[in-house]
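K.L.:
Could you have a look at this structure, given as structure tokens, before my questions?
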Amino acid sequence: MPDMKYILVTGGVISGVGKGVIASSFGTILKSCGIDVTSIKIDPYINIDAGTFSPYEHGEVYVLDDGGEVDLDLGNYERFLDITLHRENNITTGKIYQQVIERERRGDYLGKTVQVIPHITDAIQEWVQRVAHIPVTPDNTPPKVCIVELGGTIGDIEGMSFVEAFRQFQFRVKRENFCCAHVSLVPMPKSTGEPKTKPTQSSVRELRGLGLSPDLILCRSEKPINHTVKEKISNFCHVGPEQVICIHDLSSVYHVPLLMEAQGVVQYLNERLQLNMSVPRPGRFMQKWRNLAKRVENLRREVNITLVGKYTKLEDSYASVTKALQHACIAAGYRLNLTYVEAVSLERQTKVDDPVSYHKAWQDLCKCDGVIVPGGFGQRGMEGKIEACQWCRETQKPMLGICLGLQAAVVEFARNVLGLKGANSTEVDPQCEDKLVIDMPEHHPGNLGGTMRLGKRKTYLEPSLISQLYKKDVIEERHRHRYEVNPEYIERLEAAGLRFVGKDESKTRMEVALVESHPYYVAVQFHPEYLSRPLSPSPPFLGLILASLGRLKNYMSKGCRLSPRNQSDVSSDEDDISVSSLSLIEEKTVIENGKHVNGVKN
């Protein structure tokens with residue numbers, strides 16, 4: 001069995017420099033070469049997982065098939081690489097210390113003083129080696145390359161044990177199996193108008209002082225960097241000019257793998273990690289990504305979607321929802337114009353407290369083509385979401401509700417159609433008159449971390465718009481909730497026109513609701529955004545976008561098929577929905593069959 005290859009991606013100067021997208025791009029390039037890849041994200045915080053975070057801390061909490069609540073970067077990996085990761089692919093300081101402390105209590109270290117070195121660092125290395133060999137594809141093929149992203153920036157005190165662990169790890173797995181890529185910022189102050197390399201020099205010096213010498217330096221900048229700057233970084237950072245990769249701000253993330261490949265990343269990794277790939281690469285190498293990047297670039301017409309949320313001050317709070325909307329828009333041949341509206345601003349009390357915000361929020365809502373009401377926790381903003389649901393239902397505006405969005409839609413319907421003015425969720429008002437949304441006792445034991453209904457679960461669909469969009473009767477989607485629709489009210493709600501067309505195995509837990517007299521008023525308890533992919537958009541999101549464009553009926557009448565016309569026609573004014581799906585499916589098949597193993601440098 002060949003040795004596992006490891007690529008460690010670290011960051012310097014600032015956090016949020018783009019390590020996640022760059023780590024995903026490494027994987028995309030290697031996967032295009034026919035090499036199976038897996039990913040590990042290391043978060044140096046002491047939390048066991050991301051489950052109890054506010055979205056304002058690190059962005060959204062991403063949920064995996066096995067119920068793991070993890071960093072949003074694992075969502076990037078899954079979308080870019082089309083793989084299924086596990087909770088152990090996310091390492092935190094909390095997990096490592098918990099494991100070591102449990103071992104100490106069991107007596108595994110009997111007679112020894114338990115210390116950061118060697119016990120914590122050894123635990124990190126063992127975890128990485130074990131998880132790197134876990135298959136992440138449907139055919140259970142063992143990965144050949146593991147990409148490890150170390151969160152935070154070099155020099156952070158909480159990340160020191162991980163840096164030390166990888167300093168030791170490079171000797172444990174041998175040099176030809178380990179490569180370090182350092183992502184750094186090259187700022188360009190407006191006062192001088194030229195790129196400054198000193199922050200990168202300092203960052204690399206610190207990394208090398210800790211015992212890790214970068215093999216690749218990936219320079220993030222606002223504008224393209226010239227060769228002189230690359231030479232300067234090369235001279236001061238102990239790498240060759242070909243090992244300095246420049247990644248400037250691009251119009252879409254789908255261009256990043258192409259830009260990296262054009263700068264010789266494939267050739268370098270092939271030699272450095274002894275991957276034994278044949279060169280040169282065929283002309284159609286990474287054609288799937290070229291088609292996708294070109295398609296996104298050529299989108300001209302816009303569809304206006306408004307997101308009514310609770311955490312709209314940080315766009316990363318809804319990263320997967322935004323991506324899923326983009327995937328659906330790409331398939332439909334439109335550019336997404338997404339407007340964020342704070343749910344609280346739609347509430348009547350805001351009209352008194354802050355009339356400017358109130359009228360601005362309602363103006364943004366009224367101007368859109370479709371509305372999405374995503375998940376959230378707590379009582380803040382619930383009334384605003386209910387107001388949005390009522391407006392969409394009464395004005396026939398296409399709407400998709402997710403998780404809390406379903407609960408808001410049910411409460412709204414009970415209040416305004418059934419006339420139950422005291423209807424509410426027990427999450428918002430535990431003493432409300434009509435408890436339309438109640439907590440699930442088995443998922444509310446006291447501790448809040450990891451105790452919700454989490455992970456991939458089956459939903460059984462009745463014949464409906466949603467079953468047509470999914471093209472199946474039984475679906476599997478990921479969940480993350482602690483409250484559910486009260487089964488005692490289902491009969492009355494359905495009699496009034498709110499149909500529950502998706503239920504769990506027991507038929508008592510409501511998963512999908514819709515109003516049939518509406519163009520598209522759909523709400524789901526699960527989170528369909530987590531399984532959306534660039535070339536395979538999530539059906540509820542695709543339904544929302546098509547309904548917002550007035551094309552859903554046409555799409556349904558064609559058997560839910562997108563027209564496989566050439567993507568260059570996307571910007572035409574014809575009514576057919578266009579996507580070059582045929583050539584992309586053929587390309588995907590060729591890559592999966594291992595025939596696409598190499599390509600040419602641009």
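The values are calculated or read from the model by the stated rules, or taken from the named source; none is laboratory data. What you are looking at is a predicted structure, and each value in this text was computed from that prediction instead of being measured. Neighbour counts are summed over all protein chains in view; Cβ atoms, including those assigned to glycine, are modelled from backbone coordinates with ideal geometry. Surface accessibility is based on the protein's heavy atoms, side chains included, excluding ligands, DNA and RNA. Shrake-Rupley method; radii C 1.70, N 1.55, O 1.52, S 1.80 Å.
K.L.:
Express the relative contact order of the stretch 313-383 as a whole percentage, based on alpha carbon pairs under 8 Å and six or more residues apart in sequence. Numbers along the way, then the final one.
P.N.:
Details: 36 pairs, mean separation 20.3, N = 71.
Over the stretch 313-383, the number comes to 29 percent.
K.L.:
Taking H placed 1.01 Å from N in the peptide plane, check which residues at least 5 places from CYS180 or on another chain put their amide H under 5 Å from its amide H.
P.N.:
LEU8, ASP215, LEU216
K.L.:
So if we plug the beta-carbon distance of THR141 and ASP316 into 1/(1 + (r/R0)^6) with R0 = 22 Å, what FRET efficiency do we get, rounded to 0.05?
P.N.:
My answer for the efficiency is 0.10.
K.L.:
Can you tell me which lysines have their Cα less than 18 Å from the Cα of LYS223? Leave out same-chain residues fewer than eight positions away.
P.N.:
LYS19, LYS190, LYS196, LYS198, LYS232
K.L.:
Determine ³J(HN,Hα), in whole Hz, for all residues of the stretch 421-435 in sequence, where each value follows from phi through the Karplus function 6.51 cos²θ - 1.76 cosθ + 1.60 and θ = phi - 60°; x replaces Gly and Pro.
P.N.:
For the stretch 421-435, the Karplus curve yields 5, x, 5, 6, 9, 5, 5, 8, 9, x, 9, 5, 5, 10, 7 Hz.
K.L.:
For Cα pairs less than 8 Å apart in space and 6+ apart in sequence, what is the mean separation divided by the residue count of the chain, i.e. the relative contact order in percent? It would help to have the intermediate numbers written out before the result.
P.N.:
Values: 1202 pairs, mean separation 95.1, N = 602.
Once normalised by length, the contact order is 16 percent.
K.L.:
On to the next question. Relative to the first principal axis of the alpha-carbon coordinates of the chain, what is the inclination of helix 160-172, with its axis defined by its Cα atoms, in degrees from 0 to 90 and to the nearest 10?
P.N.:
For helix 160-172, the angle is close to 50 degrees.
K.L.:
Extending each Cα 7 Å along its Cβ direction at HIS133 and ARG335, get the distance between those two points in nm, one decimal.
P.N.:
Computed distance between label sites HIS133 and ARG335 equals 5.0 nm.
K.L.:
Additional query: Principal axis lengths of the stretch 292-334 from Cα atoms, whole Å, largest first?
P.N.:
So the three principal-axis extents are 32, 18, 14 Å.
K.L.:
Given R₀ = 60 Å, what would the calculated FRET efficiency be for ARG551 paired with ARG167, taking r from the Cβ atoms and rounding to 0.05?
P.N.:
Working from the Cβ atoms, E equals 0.60.
K.L.:
Run the accessible area of the chain with a 1.4 Å probe and give the carbon-and-sulfur part as a rounded percent.
P.N.:
Summing carbon and sulfur atoms, their accessible area is 49 percent of the total for the chain.
K.L.:
Rounded to whole Hz and in sequence order, give me ³J(HN,Hα) for the stretch 146-151 from the Karplus expression 6.51 cos²θ - 1.76 cosθ + 1.60, θ = phi - 60°, writing x for Gly and Pro.
P.N.:
10, 9, 10, 9, 8, x
K.L.:
Report the gain in length on full extension from GLU242 to ARG301: 0.36 nm times residue separation, minus Cα-Cα distance, nm rounded to one decimal.
P.N.:
17.3 nm
K.L.:
If I fit a long axis through the Cα atoms of helix 539-548 and take the longest principal axis of the Cα atoms of the chain, what angle between them do I get, 0 to 90°, rounded to 10?
P.N.:
60 degrees
K.L.:
Bin all alpha-carbon pair distances of the stretch 272-391 at 10 Å intervals from 0 and give each bin's fraction as a whole percent.
P.N.:
All Cα pairs considered, the percentages come to 12, 33, 24, 14, 9, 6, 2.
K.L.:
Anything over 18 Å Cα to Cα? Flag those among LYS310/LYS367; LYS385/LYS471; LYS471/LYS553; LYS310/LYS360; LYS323/LYS360, in the order listed.
P.N.:
From LYS310/LYS367; LYS385/LYS471; LYS471/LYS553; LYS310/LYS360; LYS323/LYS360, over 18 Å: LYS310/LYS367; LYS385/LYS471; LYS323/LYS360.
K.L.:
Per residue, how much accessible area does the stretch 80-119 have with a 1.4 Å probe, in Å²?
P.N.:
Values: 2320 Å² over 40 residues.
Computed with neighbouring chains in place, this is 58 Å² per residue.
K.L.:
Mind listing P(r) for the stretch 62-129? All alpha-carbon pairs, 5 Å bins, whole percents.
P.N.:
Per 5 Å bin, starting at zero, the Cα-Cα P(r) for the stretch 62-129 comes out as 3, 15, 22, 18, 14, 11, 9, 5, 2, 0 percent.
K.L.:
Which ³J(HN,Hα) values, rounded to whole Hz and listed in residue order, are derived for the stretch 369-378 from phi using the Karplus coefficients 6.51, -1.76 and 1.60 in 6.51 cos²θ - 1.76 cosθ + 1.60 with θ = phi - 60°, glycine and proline given as x?
P.N.:
Running phi through 6.51 cos²θ - 1.76 cosθ + 1.60 with θ = phi - 60° gives 8, x, 10, 10, 10, x, x, x, 9, x Hz.
K.L.:
Separate question: At 0.36 nm per residue, minus the direct Cα-Cα distance, what do ARG105 and CYS366 gain on full extension? Give it in nm, one decimal, please.
P.N.:
Difference between extended and current length: 88.0 nm.
K.L.:
Nearest 10 degrees is fine. How inclined is helix 581-592 to the longest principal axis of the chain, computing both from alpha carbons?
P.N.:
With both axes taken from Cα atoms, the answer is about 40 degrees.
K.L.:
Can you give me the relative contact order of the stretch 423-550 as a percent, contacts being Cα pairs under 8 Å and 6 or more apart?
P.N.:
19 percent
K.L.:
So what is the 222 nm mean residue ellipticity for the chain from helices alone, if each DSSP H run of at least 4 adds -39500 (n - 2.57) and you divide by all residues, rounding to the nearest 500 deg cm²/dmol?
P.N.:
Rounded to the nearest 500, it is -10500 deg cm²/dmol.
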